[in-house]
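What follows is one structure encoded as structure tokens, with my remarks underneath.
The values are calculated or read from the model by the stated rules, or taken from the named source; none is laboratory data. Predicted model only: the values in this text are computed from it and were never measured. Because the Cβ atoms are built from the backbone with ideal geometry, glycine has one as well, and the counts that use them run over all protein chains shown. With ligands, DNA and RNA removed, areas are computed over all heavy atoms of the protein, side chains included. Shrake-Rupley method; radii C 1.70, N 1.55, O 1.52, S 1.80 Å.
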Amino acid sequence: MNHPPSRLYLLYHELRASRSEYSYVVATGEFERQVDLFSNLKQTGEPSLWPEVTFDDGHISNFEFALPILQSRAIKAWFFITVGWTGQRPGYMGWHELRALQEAGQTIGAHGWTHTLLTHCNASELHRELVDARLTLEDKLGTSITTMSLPGGRYNQRVLAACREAGYTQIFTSIPKAEPSSTTPTPGRLNVRGDMSLEWISSLFHPGSRVLSGLERQYQMKSAAKSLLGDRLYEKLWAILNRKEPDTDAGEAAAREDSAHHQ
Ligand SMILES: [Zn+2]
């Protein structure tokens with residue numbers, strides 16, 4: 001390979017044995033087929049985009065379902081943990097599971113303390129979400145923690161400065177775009193929804209594919225609308241507009257889901 005290809009980071013949350021209405025859930029079988037696709041792309045020499053797997057929130061299914069699938073294919077992923085939920089909140093991993101992930105060679109990063117949107121935090125809240133989260137992970141896992149992902153994907157310049165100040169060298173966003181290298185300071189990610197087909201995901205990696213750049217454009221328009229209207233008005237408007245529209249494609253649906261739930 002002459003030069004390393006661009007990266008595409010995929011973002012997952014929860015896996016379940018069967019399909020779910022809830023779009024942040026990906027069925028285990030689907031995930032397995034997607035990981036096989038990534039593994040094949042990496043093995044066949046020079047993919048135009050190099051896939052990487054990340055998980056947000058620290059759901060217990062990351063340990064129960066994702067880890068064995070990743071391990072059997074020798075794939076290393078990132079797991080971004082909501083530290084205040086660890087061993088506290090039902091359905092989320094405890095320290096035992098996080099240590100097992102780490103011992104398996106997976107990377108642990110932070111995803112805040114309470115999952116509060118960082119753009120809504122004052123200075124002392126940011127300290128808890130960023131510094132306390134990092135120090136607690138380091139203390140419990142005995143390793144240095146230098147990566148994090150932004151709850152809800154939300155950030156601004158003040159938040160980014162606080163993240164860097166807190167010791168994070170890589171801050172993962174939820175902007176669907178490719179990254180030119182593995183060391184970019186704010187890597188974007190594509191949120192994988194339960195209803196995205198393997199065919200569609202595979203099309204992202206076709207040489208010359210415009211699918212990803214189309215998604216990024218949609219994301220940027222959505223962000224512009226959000227900052228223009230404010231979060232609440234934007235969500236109301238989005239809900240009204242989308243009740244009338246049929247579900248046309250995964251990107252649009254992802255954007256709609258984002259406004260309702262997580263991003
Ligand atoms: Zn999250």
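Any residue at all in the stretch 90-98 that's open to solvent by 40 Å² or more (accessible area, probe 1.4 Å) and within 14 Å of the ligand (Cβ to nearest atom)? For the stretch 90-98, residues open to solvent by 40 Å² or more (accessible area, probe 1.4 Å) and within 14 Å of the ligand (Cβ to nearest atom): present. If I ask for residues that are of a type in the set (Ser, Thr, Tyr), farther than 21 Å from Thr116 by Cβ and within 16 Å of the ligand (Cβ to nearest atom), which ones from the stretch 48-89 would you list? Once the filter is applied, which keeps residues that are of a type in the set (Ser, Thr, Tyr), farther than 21 Å from Thr116 by Cβ and within 16 Å of the ligand (Cβ to nearest atom), the stretch 48-89 yields only Ser61.
Residue-by-condition table, conditions (1) outside any helix (DSSP H, G or I); (2) open to solvent by less than 80 Å² (accessible area, probe 1.4 Å); (3) in contact with a helix residue (DSSP H, G or I) (Cβ under 6 Å, 6 or more places away or on another chain); (4) not charged (D, E, K, R):
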position: Gly208; (1), (2), (3), (4): yes, yes, no, yes
position: Ser213; (1), (2), (3), (4): no, yes, no, yes
position: Glu216; (1), (2), (3), (4): no, yes, no, no
position: Ala224; (1), (2), (3), (4): no, yes, no, yes
position: Leu228; (1), (2), (3), (4): no, no, no, yes
position: Ile240; (1), (2), (3), (4): no, no, no, yes
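Of all residues in the stretch 75-99, those satisfying the criterion of being touching a residue at least 24 places away in the same chain (Cβ under 8 Å), outside any helix (DSSP H, G or I) and small (Gly, Ala, Ser) are Ala77, Gly91.
Kindly indicate whether any position in the stretch 100-111 is assigned to a strand (DSSP E or B), touching a residue at least 24 places away in the same chain (Cβ under 8 Å) and small (Gly, Ala, Ser). Yes, the conditions are met somewhere in the stretch 100-111. Of the residues making up the stretch 113-160, those that are in contact with a strand residue (DSSP E or B) (Cβ under 8 Å, 6 or more places away or on another chain) and assigned to a loop (DSSP other than H, G, I, E, B) number 6. Of all residues in the stretch 139-159, none are open to solvent by less than 10 Å² (accessible area, probe 1.4 Å), on the phi > 0 side of the Ramachandran plot and at pLDDT 95 or above.
Quick grid of which residues meet (1) among the hydrophobic types (A, V, I, L, M, F, W, C); (2) under 23 Å from Lys226 (Cα atoms); (3) more than 15 Å from the ligand (Cβ to nearest atom); (4) in contact with a Gly (Cβ under 6 Å, 6 or more places away or on another chain):
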position	(1), (2), (3), (4)
Leu101	yes, no, yes, no
Gly105	no, no, yes, no
Ile145	yes, no, yes, no
Gln157	no, yes, yes, no
Trp200	yes, no, yes, no
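Of all residues in the stretch 9-47, those satisfying the criterion of being modelled with pLDDT of 95 or more, in a helix (DSSP H, G or I) and either within 16 Å of the ligand (Cβ to nearest atom) or open to solvent by 50 Å² or more (accessible area, probe 1.4 Å) (or both) are Glu32, Arg33, Asp36.
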